[in-house]
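Asker: Shown below is the structure under consideration.
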Amino acid sequence: MESEMKTNLQFVDVLNEWDPFKLKNGNYDPEIADTIQAIHELDNPEELAVRIQSIYEFSFEKTIPIDQCLNVARELLAIKDNDSCNI
């Protein structure tokens with residue numbers, strides 16, 4: 001359980017640093033929560049990228065280029081994979 005919480009905090013850090021709309025204040029809490037849920041549901045970077053894109057588009061009514069979403073999806077899944085290797 002502690003490991004999962006640590007991993008989720010790593011996800012939060014990555015997503016706050018990503019800041020796709022340059023808000024700077026970390027105003028992405030609902031999107032981050034939805035993205036973390038998606039990370040736990042999906043293992044395919046392309047599927048996760050599409051989900052991330054739709055989560056942020058729903059909230060901000062702006063589309064993030066899929067290549068940016070794919071880059072962050074790969075980074076997030078690498079963290080997820082690393083955590084599962086440590087169990």
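Asker: Residue by residue through region 37-72, note down the ones that are of a type in the set (Asp, Glu) and closer than 22 Å to residue 22 by Cβ. Don't jump to the end; show me each part of the working.
Answerer: First, pick out the residues of region 37-72 that are of a type in the set (Asp, Glu): 41, 43, 46-47, 57, 61, 67.
Residues satisfying the conditions are 57, 61, 67.
Asker: Then there's this: Sort out which residues of region 28-51 are among the hydrophobic types (A, V, I, L, M, F, W, C), within 20 Å of residue 4 (Cβ to Cβ) and in contact with a helix residue (DSSP H, G or I) (Cβ under 6 Å, 6 or more places away or on another chain), and write them in order of number. Step through it out loud before you land on a result.
Answerer: Here is the first cut: in region 28-51, the residues among the hydrophobic types (A, V, I, L, M, F, W, C) are 32-33, 36, 38-39, 42, 48-50.
Going one step further and asking which of them are within 20 Å of residue 4 (Cβ to Cβ), we end up with 32-33, 36, 38-39, 42, 48.
Scanning region 28-51 gives 32, 36, 38, 39, 42, 48.
Yes/no matrix, rows are residues, columns are (1) exposed (fewer than 13 other Cβ atoms within 10 Å of the Cβ); (2) assigned to a loop (DSSP other than H, G, I, E, B); (3) within 10 Å of the chain's Cα centre (by Cα); (4) modelled with pLDDT of 95 or more:
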| residue | (1), (2), (3), (4) |
| --- | --- |
| 24 | yes, yes, no, no |
| 31 | no, no, yes, yes |
| 36 | no, no, yes, yes |
| 39 | no, no, yes, yes |
| 43 | yes, yes, no, yes |
| 48 | no, no, yes, yes |
| 51 | no, no, yes, yes |
| 56 | no, no, no, yes |
| 62 | yes, yes, no, yes |
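Asker: Looking only at region 33-87, which residues are hydroxyl-bearing (Ser, Thr, Tyr) and in contact (Cβ under 8 Å) with a residue 40 or more places away in the chain? Working first, answer last.
Answerer: From region 33-87, those hydroxyl-bearing (Ser, Thr, Tyr) are 35, 54, 56, 59, 63, 84; that's our starting set.
Across region 33-87, the qualifying residue is only 35.
Asker: Which one is surrounded by the fewest Cβ atoms within 10 Å (Cβ to Cβ), of the residues in region 11-22 that are of a type outside the set (D, E, K, R) and closer than 11 Å to residue 72 by Cβ? Steps first, answer last, please.
Answerer: Here is the first cut: in region 11-22, the residues of a type outside the set (D, E, K, R) are 11-12, 14-16, 18, 20-21.
So of that shortlist, the ones also closer than 11 Å to residue 72 by Cβ come out as 11, 14-15, 18, 20.
Working: 11: 19, 14: 16, 15: 24, 18: 20, 20: 18.
So the residue we want is 14.
The values are calculated or read from the model by the stated rules, or taken from the named source; none is laboratory data. Please read all numbers here as calculations on a predicted model, not as lab measurements. Please note: Cβ atoms are built from the backbone with ideal geometry, for glycine as well, and neighbour counts cover all protein chains shown.
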